[in-house]
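As structure tokens, the structure follows; a few thoughts come after it.
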Amino acid sequence: MKSDASSAHGILHITILLGILGAVALVLSRHPEALVLTAVPVAALMLLNYRVAAVITTWVLLIWLSRLAVVFFDFVLFSYVVYACICLTAVACALRMVAPGRVRLRLTTNPWIWLFIAVLIVGGLRGAASVDGIPPWLLVDNVDYATPWVYIRTVVLPAVFLPVLAIFVAAAVEDGERLTRFIVPMCAFVWAIGILILGAVALSGQSLLGMAQADERNEHLAALGFHSNEFGTMLAVAYALLLGIRDAVPGRRGKTAISLTLALAASALVLTFSRGAYVAFAVTNLLFFMRASPRRKAAFVIVVVLAFLVAPAAIADRAQYAIDSRDANAISAGRVDNIWMPLLPDVREHLLFGQGLESIMWTEAQRFELIFPVNLSHNAYLDLLLDFGIVGSLPILAWYAHLWRGFIRQAKHDEDEAYRRFFYGGHLALASLAVSALANDRLTPTATTVCLWIAAGVLMGRQAAYANRGSRPAPIERTRPRWVRMNDVAPRGAVSIS
């Protein structure tokens, strides 16, 4: 077991080194051909070890969904790297499932996620057949959504890839992969996004009050590849997930590293000026500290008071935007009268089956300019009805209910404290998404919820490990970097699997 773990550890390090060398060669030479120098050996290493393939694919998908490769390095072909990693990981999984002479890999999954994927595919195919109805004023971002393949590549595939990633992660976790192998890329993702937001705000030359103005919101952080509301949801979900794991990290260095990550996520979230993210952030912290000790609750109150006293006026003004008017339309920044109400006839006409994934782009309200020129309704539940109707929405909501129940049960009964804390963070992340969904984002998979889908994969893998091994926990991690070491000693009564 130790030799296998050491071998996998060495293969992962070699693969990461080759990937870094390939990325450096690409950036310096500006020729995609430079990746060929590392693509073949990296592909071979991924095929040799499924767990390495799953971890590498996690990193690649996080880089792709962060849009760093396209926005900052103009590497528009990076999506093909993603496709290659998905295919290589699937082949590595298939090879392990039929490999003789060693423990065969199990395809760790459940009916709910396959039903979820099936609904997404059907919705995507229906949408691809309807993209010719997208009005021209929505096609201004150099992305021709009216072309079916472009729509599939930019809308459908990212939505399907995240549940597929969850299945890959689940199989790796059930096979004994370390939890930290998936926590570290999530932390790196948060650091990358957080630093970009802080840097963009610092270098913008604009005042915080100007950034918070409703008229400037569409341009705020747009150069980074996302709307500021998307960044807000992304950070709110990641913050909630990492908040749960902090207390399971022993040692000052580990807690300091996670605490700094949380502080960065919170600071960047505040600077998105997304009110939905503010509410989700507040709900997450409230749920977390409701279970805290009296001492921690007192500290929480003190921190909240201090934050209120030192917070810039622009943040307070943004949080209280139009509340004094008591006008729902004004408070919602025009969403009620200019998005939600005009879309209700479209919902009524396609109530059972909807109109396809991201169908707001070709709704009657959009084509007749009855709503703002937007590609989402700024209410995930309304978008769900628009896209899938009642019939398609039920399996999607059932998946989230299944995930919620799984997080809560594993957070209570898992024998490893690190996993218990991680799953409690997953429960907080779902609560954060449920709140954010009221005014932003989607309930179908997007870049903003990538960390939640990784957590879903860890949950499925852990559940499978218990079900397939007589309720015994997966191996406790023993060789980890100091700053992310969780539990080096199994809880009393726990049995390690060899």
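Here are a few things to note about the model shown:
- Tally of residues being among the β-branched types (V, I, T) and surrounded by fewer than 17 Cβ atoms within 10 Å (Cβ to Cβ) across the stretch 77-101: 2
- From the options H220, H227, residue that is out of contact with any strand residue (DSSP E or B) (no Cβ under 8 Å at 6 or more places or on another chain), closer than 29 Å to H427 by Cα and buried (at least 21 other Cβ atoms within 10 Å of the Cβ): H227
- Qualifying position, being at pLDDT 80 or above, at positive phi and not small (G, A, S), among R51, R30, R67: R67
- Within the span defined as the stretch 102-115, one or more residues are exposed (fewer than 15 other Cβ atoms within 10 Å of the Cβ) and part of a helix (DSSP H, G or I).
- Neighbours by Cβ (under 6 Å, 6+ apart or cross-chain): first from the stretch 423-451, under 15 Å from A265 (Cβ atoms); second not in a helix (DSSP H, G or I): T448/D441
- Looking at the stretch 356-466, the helices (runs of 4 or more DSSP H) lying wholly inside it that each contain 2 or more residues that are touching a Gly at 6+ places or on another chain (Cβ under 6 Å) and hydroxyl-bearing (S, T, Y) sit at 417-436.
- T180 under 27 Å from I113 (Cβ atoms) and touching a Pro at 6+ places or on another chain (Cβ under 9 Å): yes
- Residues satisfying the stated conditions in the stretch 364-377, i.e. surrounded by fewer than 23 Cβ atoms within 10 Å (Cβ to Cβ) and under 24 Å from T449 (Cβ atoms): F372, V374, N375, L376
- Count - residues of the stretch 278-335 that are of a type in the set (V, I, T) and over 30 Å from the mean Cα position of the chain (by Cα): 4
- Restricting attention to the stretch 280-294, the residues that are over 26 Å from G199 (Cβ atoms) and in a helix (DSSP H, G or I) total 7.
- Matching residues in the stretch 117-143 - criterion: being charged (D, E, K, R) and loosely packed, with under 14 Cβ neighbours inside 10 Å: D132, D141
The values are calculated or read from the model by the stated rules, or taken from the named source; none is laboratory data. Because the structure is a prediction, the values reported are computed rather than measured. Cβ: placed from backbone, ideal geometry, glycine included. Neighbour counts: every protein chain shown.
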